[in-house]
Every structure is written in structure tokens, then in C-alpha cells.
1. What accessible area per residue, rounded to a whole number of Å², is obtained for the chain using a probe radius of 1.4 Å?
2. Give the residue list of trypsin sites (Lys or Arg not before Pro) in the range 1-56 that are DSSP loop and have at most 10 other beta-carbon atoms within 10 angstrom.
3. Please give the charge dipole size of the range 176-233, origin at the Cα centre, charges +1 on K and R Cβ atoms and -1 on D and E Cβ atoms. Round to the nearest 20 debye.
4. Take the cross-link list LYS56/LYS342; LYS43/LYS87; LYS219/LYS342; LYS38/LYS176; LYS185/LYS342; LYS93/LYS201 and give me the ones stretching past 26 Å between alpha-carbons.
5. Filter the trypsin sites (Lys or Arg not before Pro) in the range 245-302 to those in DSSP coil with at most 14 other Cβ atoms within 10 Å of their Cβ, and list the result.
6. Quote the relative contact order of the range 115-267 in percent (integer), defining contacts as alpha-carbon pairs under 8 Å separated by 6+ residues.
7. Once neighbouring chains are kept in place and the probe is 1.4 Å, which whole percent of the accessible area of the range 217-266 is contributed by carbon and sulfur?
8. How much length, in nm to one decimal, is gained on full extension between SER63 and LYS318, taken as 0.36 nm per residue of separation minus their Cα-Cα distance?
Amino acid sequence: MAKAPEEQHPVKAFGWAARDSSGVLSPFKFSRRATGDKDVRFKVLYCGICHSDLHKIKNEWGSSKYPLVPGHEIVGEVTEVGNEVKKVKVGDKVGVGLVVGACHSCENCNNDLEIYCPQTILTYDDIYYDGTITYGGFSDTMVANERYIIRFPENLPLDASAPLLCAGITLYSPLKYYGLAEPGKHIGIVGLGGLGHVGVKFAKAFGAKVTVISTSASKKDEALGHLGADSFLHSRDQEQMQAAQGTFDGILDTVSAVHSILPLIGLLKSHGKLVMLGAPEKPLELPVFPLLMGRKMVAGSATGGLKETQEMIDFAAKHNITADIEVIPIDYLNKAMERLAKGDVRYRFVIDIGNSLASTNH
């Protein structure tokens, strides 16, 4: 007989979970493992809501295991460390992103690219080494091996920097890997949502000229005035698109809906790179001829390894980069998910776990 979630481990935990594909979240008692020699335990203070949390609670990717506690933009304060931990101490501000385990012996792991390990263990809705289900950050306490712990510098506000653990590294990593993090490059950001708005900030900090590309002309003032982009391109305006042909070194496409990438390929200079970061549910059409004629590249990128994630957080602290957030109490969670499904958030919901979760534990 399988043990109940409350009884699988010695440390009591409390959070909010989805019970089925309706995606409705409600209070949930479970347990976390004891702190191992190389483990760090922390009190969760904030957790960002990522679009993938919405897909997962509704089983839109077909792999969800219930009860499911989402959340992989988790930040808080260390309460206990194992006796072999050297990275952090009690009282330090830390975070955990998408991953809590990997094989640690493959080529990717050896190159600090744990996210690309075939045996990577996700922070929630996955199976941990001990055979138990992983539960995410919509909860009061978290424990992880120190390899997966990110240190947060004192000057970064925890609430507004929590989304950097997913949205931030998702944009930082391809900018670096594809040679786009250089002064003077012309970078396009497609989609001004949770990912896109952070991409504008990182690209600007690298010294790039940044153009926001959007189907919505109403985003122009936001892109230029608030986020500091250099220019705005309305992708449904054929004259604007024609004038911008062949002017971009790289374009980061954050859109998750099915859309045509032919116009975006046309915007690239020769040898330009279109990097896909959103994950449309259906395959996109890939027009090959325009790639040949300009030696252009269509590529992809996930998040990043732990070493690069720490580098990104330190860079963000140095350049005062944070996400634009709406902080919510945990009992607003289902309403927030409804709004997220409609794109009604600027630009990331962050749950105030520390101040609101306890009151729902009856």
C-alpha cells in the first residue's frame, strides 16, 4: 500500500495542489525528506507563477501526476543545512528553479548543463531518486541538494527576482550562447509577456539595440516608455515589417501560440539567428529557402544550467534587473490562474507565500 503524501517523509509540509485536470488548486498537506548531508532546507517566502504551471495543473502536456504542487520560481531563507554543505548558511537568501536532480555524470552535467541531462529531475511533478513525487514551491518549505541552490545577493528584492529563476535564465542563456549578448547587436524580442519583458531588460544591459516585435500595437508605449526598448515593430503592419527586413542580428521568439515564422526569418540579417523559446502545441512550418539564401539559423533554447543561472542572478543584481510583478496572496491563486490563461498580468504573478500560506492551513 503506497503511503499518503503526508507520511512519505519525516518533515511535514503544507501547500496548495491541483487534484485533477480541472486545475483547481486547494490546500494540501504533504511531507518533505529529512535534510541530507548535502541538502539545503529553506522557508519559502515567494514563488512565481510560470505559464508552464498552468499547462501542468490542467494536464495539457499529458504527463501530470496528481496531487500536483506547482511552482519552480522559488525563493526564501535557509533554515537548515546538511553537514557537508559549503555553499550557503542558515539565514542566507536562496532560490530553486526548474531542476532538483540529474545524473551528474553525462556530458551535459559535466558541462554544468543539468537542464539538458536526459535524466534531469524537475522540481515538481517528477520522480525523485528515492521514488517519491517531487512537489514545487506553492508550499511552505523546500529542500534541495546544494548543487541546485541559487544564492541571492542582498540587493535583489526576493519577490521581483523570483521569476528570474525561470523567465530570466530562459532569456539570458540564449543571448549568451548564440553570441547576441554583445554591445551594438540589434536584437528583436517577439512577445511582451513574462519572458519577453525580462528579455528586453537583459538585452539592454548587454548593450544591445532592442526592438519589441508584437501583434498588438497597444504594447508600443509600454515597450518604449516603461521597459526602455529602443524601438517597436507592429508585426501586422506590412509597411513596418518591410522596412525592417534584414536588420536584426538575432530574434528571441517567446510566443507559445502557433504562428508563422517566415516574416521573422525575413527580418534577420544574413547569418542571423531566430531562437525559439515558446513551445506551441502544434508544429510550426519551417520555410527552408529563406534560410539557405541568408545562411540563417532557427534554433531553440530551454533554461540554463545551475552555474549559468547563478551567473544570471549575479548579473541581474549588478544591473538592477527584476521582473515586473503582481504580488498575490495564496487564496487568490485560482483567480490568478484564470487571469494568466487570458494573458491578464503585467508581467508575472508572484505568490506571497511567507505572509499568506499559513492562514489557509486549518
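1. 44
2. Sparse-neighbourhood loop trypsin sites (Lys or Arg not before Pro): LYS3.
3. Values: 7 positive and 4 negative charges, 22 e Å.
Dipole magnitude for the range 176-233 comes out near 100 debye.
4. Details: LYS56/LYS342 16 Å; LYS43/LYS87 17 Å; LYS219/LYS342 16 Å; LYS38/LYS176 30 Å; LYS185/LYS342 33 Å; LYS93/LYS201 23 Å.
Where the Cα-Cα span goes over 26 Å, the pairs concerned are LYS38/LYS176; LYS185/LYS342.
5. Taking the range 245-302 and a limit of 14 other Cβ atoms within 10 Å, the loop trypsin sites (Lys or Arg not before Pro) found are ARG295.
6. Relative contact order of the range 115-267: 17 percent.
7. Numbers: 1270 of 2560 Å².
Result for the range 217-266: 50 percent of the exposed heavy-atom area is carbon or sulfur.
8. Using 0.36 nm per residue and subtracting the Cα-Cα distance, I get 87.9 nm.
The values are calculated or read from the model by the stated rules, or taken from the named source; none is laboratory data. Treat the numbers as computed from the prediction; the structure is a model and nothing was measured. Using ideal geometry, Cβ is built from the backbone for each residue, glycine included, and neighbour counts are taken over all protein chains shown. When the accessible area is computed, the model is the full protein with side chains, heavy atoms only, and any ligands, DNA or RNA have been set aside. Shrake-Rupley method; radii C 1.70, N 1.55, O 1.52, S 1.80 Å.
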